[in-house]
């Protein structure tokens, strides 16, 4: 007995939208932390709210900085910034 399917669309009521964002943000941050612990993975998560507020999680700030600096130079050299997002993955899971 599973849940029914829902249509994914923007929530019109701003209060409901903010409550949903907060709940989903907390769940996503929790999952990122669990992934880092369970799989010994380097995890970095950046979330911007509709008001522009930054929420982030990193399992290792130093390694994430190394990855992003390396990725930034790679993106600039290959022009990948015009092709979409760069996904960095380094896990044992």
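Read-outs throughout are calculated quantities, based only on the coordinates presented, and are distinct from any laboratory measurement. On a predicted model such as this, the values are computed, not experimentally measured, just so you know. Cβ coordinates were reconstructed from backbone atoms using ideal geometry, including for glycine residues, and neighbour counts include every protein chain displayed.
Along each principal axis, taking the top coordinate minus the bottom one, the Cα set of region 1-61 gives 38, 37, 14 Å in descending order.
Per-residue extension of 0.36 nm, minus the Cα-Cα distance of residue 22 and residue 5, leaves a gain of 3.9 nm for this segment.
Residues 19, 43, 7, arranged from fewest to most other Cβ atoms within 10 angstrom of their Cβ, appear as 7, 19, 43. When 23, 31 are sorted by how many other C-beta atoms sit within 10 angstrom of their C-beta, beginning with the fewest, the order is 23, 31.
Cβ crowding within 10 Å ranks 46, 6 as 6, 46, fewest other Cβ atoms first.
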